[in-house]
Amino acid sequence: MTSNARPYDAVVLAGGGARRLGGADKPGVRVGGRSLLDRVLAACADADRTVVVAAPRPTARPVCWTREDPPGGGPVAALDAGLRGTTAERVVVLSADLPFLAPDTVHRLLSALDTGADGALLADADGRDQPLVAAYRTAALRRELTALGANLAGLPLRRLTAGLDLTRVPDPVASFDCDTWDDIAAARARIREHDHVLDEWISAVKDELGIDLDVDTTVLLDLARDAAHGVARPAAPLTTFLVGYAAGRTDGTPEAVTEAARKATALALRWAEEAEAADKAVADGKPGDSGPATG
């Protein structure tokens with residue numbers, strides 16, 4: 001189930017010749033250590049069924065694979081092939097070159113269908129429709145595909161969407177796609193900006209490790225700071241590892257992580273207080289005051 005508590009399927013179009021990239025394997029190009037395809041798959045990870053229209057390849061999560069007939073027949077033919085593998089009443093249709101697509105954007109598109117529209121398209125920074133970053137009513141897509149006839153190869157997407165009642169969801173960031181190497185360079189630079197790099201890194205690590213756990217990163221960063229300052233710098237990564245291990249041994253929930261971090265933070269602060277007391281005693285010439293008396 002999605003956060004909307006209503007199921008949906010996803011169709012990801014990952015074919016095409018990538019001519020503006022010199023024929024490179026665009027879905028496999030990495031941004032922030034993850035392929036563009038895996039980044040898109042992460043954004044629709046709660047889909048009941050995900051169909052990728054392309055030749056099969058390794059991906060971070062399981063998907064279904066299909067190909068348009070003939071291969072390279074264009075986006076309408078690819079969408080038709082992908083839609084044949086879906087069963088939900090709603091479907092998100094995504095291209096595989098969207099480095100900044102996030103689950104929140106996918107859910108906003110799905111929620112926009114509640115207006116009664118046949119589809120909800122993302123609009124880019126210039127207000128242009130992005131029919132391959134969209135949510136549709138599956139029945140409406142199938143109706144229009146049937147109306148186009150049997151030969152779908154080479155047809156432009158506007159022939160498919162012209163008969164649909166559409167609404168728009170503006171999002172200049174999520175709609176950014178990578179068509180050229182300059183686009184790739186811009187995407188790689190953006191995720192390393194101070195405001196984005198930590199979230200991007202955590203998402204990449206979770207994807208790489210195959211975990212889906214939302215935790216309060218501020219709590220963990222505060223813990224790392226307190227362990228580094230109150231104990232020693234190497235204590236920071238070791239302590240956060242032990243917190244994760246402890247949480248995993250219980251129920252592994254975000255609440256378990258927070259509780260383990262709380263305990264470790266309190267310990268680090270007690271450790272720091274003792275160290276400060278010891279330093280003060282030495283400075284005052286009373287080292288015996290820093291701890292229990294000895295016989």
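Structure summary
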| quantity | calculated |
| --- | --- |
| Helix-only mean residue ellipticity at 222 nm for the chain, each DSSP H run of n ≥ 4 adding -39500 (n - 2.57), per residue, nearest 500 | -13500 deg cm²/dmol |
| Carbon plus sulfur fraction of accessible area for segment 1-82, probe 1.4 Å, in percent | 51 |
| Calculated percent of Cα pairs over 32 Å apart (choose from (1) 19; (2) 40; (3) 13), label | (2) |
| Cβ-derived FRET efficiency at R0 35 Å, residue 20 paired with residue 104, nearest 0.05 | 0.75 |
| Inter-probe distance in nm under a simple model that places probes 7 Å from Cα toward Cβ, at residue 216 and residue 284 | 3.5 |
| Label point distance in nm, residue 208-residue 196, each placed 7 Å from Cα along Cα→Cβ | 1.9 |
| Rounded Å value of the spacing that divides the Cα centres of segment 189-263 and segment 125-177 | 40 |
| Relative contact order (%) - segment 25-103, alpha-carbon pairs under 8 angstrom, separation at least six | 38 |
| Amide proton proximity set for residue 65, modelled H, under 5 Å, gap of 5+ | 52 |
| Helix 138-148 vs. the chain, principal-axis angle (Cα, 0 to 90°, nearest 10) | 30 |
| For the chain, with +1 on Lys and Arg beta carbons and -1 on Asp and Glu, the positive-most of 33, 197, 76 along the dipole | 76 |
| Segment 1-61 and segment 65-88: distance between their alpha carbon centers, rounded to Å | 14 |
| Rel. contact order, % - alpha carbon contacts under 8 angstrom, at least six apart, segment 1-132 | 31 |
| Whole-number accessible area per residue in Å² for the chain, which is evaluated in the context of all protein chains at 1.4 Å | 54 |
| With Cα atoms, 0 to 90° folded angle of helix 217-230 axis to the chain main axis | 30 |
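The values are calculated or read from the model by the stated rules, or taken from the named source; none is laboratory data. Predicted model only: the values in this text are computed from it and were never measured. Methodologically, a virtual Cβ is constructed for each residue, glycine included, from the backbone with ideal geometry; neighbour enumeration extends over all protein chains shown. Accessible surface areas use protein heavy atoms only, side chains included; no ligands, DNA or RNA. Shrake-Rupley method; radii C 1.70, N 1.55, O 1.52, S 1.80 Å.
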